[in-house]
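Single-structure report; data block below.
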Amino acid sequence: MAENGGASQWYRLDNAGVLYSALQKETYSAIYRFSAVMDRPVDRQALQRAVDKTMPRFPTFRVRIKRGAFWYYFEPNDAPGPYVKDDISNPCQPVRFQEDNGWLVRFYSYDCRISVEVFHAVSDGGGALVLFRTLLAVYLRELGHAIPNTCGVLDVDAPPRQEELEDAYGRYAQGKGRRMKHRGKAYQNTGTPEPFYTFNVTMGFCSVLQLKQKAGEYGVSITEYLTAVLMKVILDKQHREAPRRELPVALAIPINLRAWFPSETLRNFILTARPVVDPSLGEYTFEEVLSQVHHMLRLSVDRKRMRAELTGNVRFTQNRLLQIVPIALKNPVMALGYRIAGVRPYSGTYTNPGAFAVPPEMAPHIRRMEVILGQATIPRVHCASISYGDIMEITFAGTQKETDTERDFFRFLIRDGVAVKVESNRTE
Amino acid sequence: MPYCVHCGVELDATAAFCPLCHTKVLDLSQLPDPAAAQPFPTQRGEVAPVAKQELALLITAMLACVAACCGILNLFLRPDRGWSLYVIGAAVMLWLWIVPPLLARGMHLLLRLLVDVVAVGLYIYLISVDLDGKAWFWGLAAPIILWGGAVLLLLGLVLRVYRRSVITTLTILIGSLGVFLFGVEYLIDHWLCAAWEPSWSLVVLTICVGLVIPLIIVRRIPSLREEARKRFHL
């Protein structure tokens, strides 16, 4: 929400932004990346022109983060850039608020791949994909193709609309608020940490049709099927390690709230669901895990409960006592709170923004889409997937040396009859 | 198209090994082409070190301010005695400990320890001058400081050279503490009564040895070591 008119127009961070900015440090990255692999090598000059034309249309991405006495806040960033850079082998590096002219959005190109990296305090995947889709459309126009402003491509010549800038959490925070209750520790699925700033990315590509058919056989959606596969391989991994007591395996699954609470915001608007399976009760077969995931995910998308949870979160940041605590004290407390409520109760994250839709005129120029989540606070993998056309891309990214989780995951798919192609930035 | 013989996944045409299980691609009829475009860039993003000058400046300003304020207060409060020199000396010592390592990135361990030990020695020396205690300084304080510096140097070198696991680090730390205190009692005895009669430091050393033995056993026996790593996520 804009707080002031004129040049000093500043924005409050939304609820999720408050958390991500407080957590940001050298060993944790709340940065995520979307990439599009085009049908031909990227024209760097055309891409830079496209970035220059697109960014003014997205004022919520053209910001720098400033540190106030009590909270961080955004203010418009009029510095030159952001510039398209050569891509690097260790993506999603943690953001430093003072560097790179304060930009919280980065653009890279490599061969046929165009990538955008976004700091999660600025926007969630849903918002970033609107920016990326529009950027790709403008880039293709720069190359001489006629791309219409349909299928979610925004008109870069039109002024930004107020609905895109809104804090949707604040808008829907009404009625009774409820903070989530304490959740126990889950299996942490950690490994041996790599040296500083090494980030291992492994991508698997499979057919959406094959996945849909396989998920259909089980009577579930693709997201539920992939979530269950991931939970099953983590359950098996824990079982192989033979601990004295097996801990529950739980995943954090972000839910895009725009589908339940109509909003056009390009800022954060997500909550997380937590499917959990407790192996201390007995060994679960894959079908049982799938059934648990299927029902838990459907139960968690209860509109009233989601509203109560987001209201509780908003009320928490509006707490008078919390507001008067200086930011220097608040950040470590929030980091500790995140460790207790956001890391300990989960074995990993899996996010699936779904199918990337583009106007039919754009479709032939894009071969596939990719998504990567930044490094977690502890050495473990995050999983993310995105589909485009018939290609489902599944990424495992993390700072640990071992490849157990991704290896078992892709082997499971192969055994289940889904063909997988794998690419990785690992060099050994 | 190469496939991994263990995982069954299709691999990129440029892949020399399977990224999931590290099995090498051994297809003599179709060797990976190193000149072909890799799926990911090979150039690593270099991370510039965080600028520490501002922090160094802030710490310098804070310590200088404390020293100046105490110096001025000394002019009015008990001006017959230079008590503020204690505070000023402590500020100088802290400055030497904190600021040079911030400014000189990658400062050599030996140099850093030398600066730290000299800073402590200088501060204690100033106190001994004020208290007219040159005898205890040269007879007791200086040897203890040097002994502490030597143990720290050894500790630093061992931890730097030796592969550091948590268990090894803990073992070396506890062992060094025992050895240091053993030396401290020797120096105290030597200065007080010119004879060495180990007593309390022997107890401390025995406790340290007692703590270290199980750690060494865990470190030496692979099955125990793995168990400890697994239990504590080391």
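Miscellaneous remarks
- Which numbered condition B:Ile188 fails, given (1) surrounded by fewer than 14 Cβ atoms within 10 Å (Cβ to Cβ); (2) within 30 Å of B:Ala141 (Cβ to Cβ): (1)
- Taking the listed residues A:Gly342, A:Gly348, A:Gly354, A:Gly337, the one that is closer than 21 Å to A:Gly127 by Cα and under 21 Å from the mean Cα position of the chain (by Cα) is A:Gly354, with no other qualifying.
- Any hit, segment B:171-179, residues being more than 14 Å from chain A (Cβ to nearest Cβ), over 30 Å from B:Trp138 (Cα atoms) and at pLDDT 85 or above: yes
- When the criteria are applied in full, A:Phe316 fails the requirement of being among the aromatic types (Phe, Trp, Tyr) and in a loop (DSSP other than H, G, I, E, B).
- One residue from A:Gly191, A:Gly177 being more than 26 Å from A:Gly398 (Cβ to Cβ), surrounded by 17 or more Cβ atoms within 10 Å (Cβ to Cβ) and not assigned by TED's automatic domain parsing to the domain that holds A:Thr27: A:Gly177
- Screening the candidates B:Gly148, B:Gly178 for the property of being under 25 Å from the mean Cα position of the chain (by Cα) and within 23 Å of B:Tyr123 (Cβ to Cβ) yields one hit, B:Gly148.
- Just one of (1) crowded, with 21+ Cβ neighbours inside 10 Å; (2) in a loop (DSSP other than H, G, I, E, B) fails for A:Pro41. It is (1).
- Residue match in segment A:42-55 (condition: more than 14 Å from chain B (Cβ to nearest Cβ), over 19 Å from the mean Cα position of the chain (by Cα), closer than 19 Å to A:Glu166 by Cα and modelled with pLDDT of 90 or more): yes
- Within the option set A:Arg64, A:Arg106, being closer than 27 Å to A:Leu143 by Cα, modelled with pLDDT of 90 or more and basic (Lys, Arg) holds for one residue only, A:Arg106.
- From the options B:Ile144, B:Ile127, residue that is at pLDDT 90 or above and outside the structural domain of B:Gly175 (by TED's automatic domain parsing): B:Ile144
- Candidates A:Leu154, A:Leu209 - the one that is farther than 30 Å from B:Glu226 by Cα, in the same structural domain as A:Gln48 (by TED's automatic domain parsing) and at pLDDT 90 or above: A:Leu154
- Flag for B:Leu202 being surrounded by 13 or more Cβ atoms within 10 Å (Cβ to Cβ) and out of contact with any strand residue (DSSP E or B) (no Cβ under 9 Å at 6 or more places or on another chain): yes
- From the list A:Ala397, A:Ala384, the one residue that fits, being buried (at least 20 other Cβ atoms within 10 Å of the Cβ) and either more than 14 Å from chain B (Cβ to nearest Cβ) or part of a loop (DSSP other than H, G, I, E, B) (or both), is A:Ala384.
- Looking only at segment B:12-37, residues that are modelled with pLDDT of 90 or more and of a type in the set (A, V, I, L, M) come to 1 in all.
- Residues that are within 8 Å of chain A (Cβ to nearest Cβ) and surrounded by 17 or more Cβ atoms within 10 Å (Cβ to Cβ) within segment B:1-16 comprise B:Cys4, B:Cys7, B:Val9, B:Glu10, B:Leu11, B:Asp12, B:Ala15, listed in sequence order.
- Qualifying residue in segment A:238-252 (condition: touching a residue at least 24 places away in the same chain (Cβ under 8 Å) and more than 19 Å from A:Gly184 (Cβ to Cβ)): no
- Selection within segment A:69-96 - surrounded by fewer than 17 Cβ atoms within 10 Å (Cβ to Cβ) and in a loop (DSSP other than H, G, I, E, B): A:Ala69, A:Phe70, A:Asp78, A:Ala79, A:Pro80, A:Tyr83, A:Arg96
- Residues (within 7 Å of chain B (Cβ to nearest Cβ) and either surrounded by fewer than 22 Cβ atoms within 10 Å (Cβ to Cβ) or in a loop (DSSP other than H, G, I, E, B) (or both)) located in segment A:400-418: A:Thr403, A:Arg411, A:Ile414
The values are calculated or read from the model by the stated rules, or taken from the named source; none is laboratory data. Given the structure is predicted, the values throughout are model-derived calculations rather than measurements. When we count neighbours, we look across all protein chains shown, and the Cβ atoms used for this are built from the backbone with ideal geometry, even at glycine.
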